[in-house]
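Student: Structure incoming, see below.
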Amino acid sequence: MNDNRRRYRAIRKAIKHLYPTGPRGNVARHLHTLAALISGIVGSRSSNLPAVAGKVSDRTKRESRVKKLSRWIKNERANVEIYFLPYADALLESLGAHRTLLLAVDGSEVGRKCLALMVSVIYKKRALPIAWIVVKGNKGHFPEETHMQLLEQAHKMVPEGLT
């Protein structure tokens, strides 16, 4: 079994284990796609979809994998509450149990005339986003209210004993 397949299976198993109930139907199918996306990002060390698709262990053509991942990302039903928060909570609890959490706030351009302000936990020289706000606007500073909203959102995610 190659590394891509092994990584995908380990991620899929961990995702299913962290999900509050046994996933069924579309949720189970979406979790398989999420596991493939995470596995591809880790394997390719990139978030570029063609590079990610190249590291997804699947027997379909690369273009088909890119289209599948792209559709999942654009899917309005693949929301933060179902496919992100359960895993972010588990990540923060796991990291906080062994060390002090180091959080960073950063703003950057995303898409056309959109800005993202995000809070990330720093782990092994990587910034793993845990909370973000996207607003329309030009490059520049965010208002104080946006910073406060983001910090409230991030504070809710950090486990009780770590705040």
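Student: Given a 10 angstrom Cα cut-off, can you work out which residue in His141, His32, His17 is the most mobile in a GNM of the chain?
Tutor: Taking springs between Cα atoms under 10 Å, the residue moving most is His141.
Student: Using the Karplus equation 6.51 cos²θ - 1.76 cosθ + 1.60 (θ = phi - 60°), what ³J(HN,Hα) coupling, rounded to whole Hz, does each residue of the stretch 83-94 give in order, writing x for Gly and Pro?
Tutor: 10, 10, 4, x, 7, 5, 4, 5, 4, 5, 4, 5
Student: State the label only: which of [x] 1.06; [y] 1.11; [z] 1.22 corresponds to Cα Rg over 2.2 N^0.38 Å computed from the shown model?
Tutor: [y]
Student: Out of Val135, Val105, Val56, any idea which swings most in a Gaussian network model of the chain, alpha carbons joined below 10 Å?
Tutor: Highest fluctuation among the options: Val135.
Student: Taking the Cα centre of the chain as origin, sum charge times position over the Cβ atoms of Lys and Arg (+1) and Asp and Glu (-1), and report the length of that vector in debye to the nearest 20.
Tutor: I would put it at about 1340 debye.
Student: Take the Cα atoms of the stretch 101-163, build their convex hull, and give its volume per residue in Å³.
Tutor: In the stretch 101-163, the Cα hull volume divided by residue count equals 84 Å³.
Student: Show the residues, 5+ positions off or on another chain, whose built amide H is closer than 5 Å to the amide H of Cys114.
Tutor: Gly137
Student: Just to check I understand the Karplus step: with θ = phi - 60° and J = 6.51 cos²θ - 1.76 cosθ + 1.60, what whole-Hz values come out for the stretch 151-157, glycine and proline as x?
Tutor: Per residue, the Karplus-derived 3J(HN,Hα) values read 5, 5, 4, 5, 4, 5, 7 Hz.
Student: A further question follows. Mind checking the angle between helix 25-44 and the chain's longest principal axis? C-alpha axes, 0 to 90 degrees, to the nearest 10.
Tutor: 80
Student: Same structure, new question: Compute, for the stretch 99-162, the length of the dipole vector about the Cα centre, with Cβ point charges of +1 (Lys, Arg) and -1 (Asp, Glu) only. Units Debye, rounded to 20.
Tutor: Dipole of the stretch 99-162, to the nearest 20 debye: 400 debye.
Student: Shifting gears a bit: Considering the alpha-carbon set of the stretch 10-105 alone, what are its Rg and its Dmax in angstrom?
Tutor: So, for the stretch 10-105, Rg and Dmax equal 14.4, 43 Å respectively.
Student: For Ala104 and Arg29 in the same chain, what is the full-extension length gain: residue separation times 0.36 nm, less their Cα-Cα distance, in nm?
Tutor: On the way: separation 75, 0.36 × 75 = 27.00 nm, distance 3.31 nm.
Gain in length upon complete extension: 23.7 nm.
Student: Just in the stretch 31-132: which GluC sites (Glu not before Pro) are loop by DSSP and have at most 10 other Cβ atoms within 10 Å?
Tutor: Loop-located and lightly packed - Glu76.
Throughout, read-outs are computed from the coordinates displayed, never taken from laboratory work. Just so you know, these numbers come straight off a predicted model, no measurement behind them. In this analysis, Cβ positions are derived from the backbone assuming ideal geometry, glycine residues included, and neighbour counts consider all displayed protein chains.
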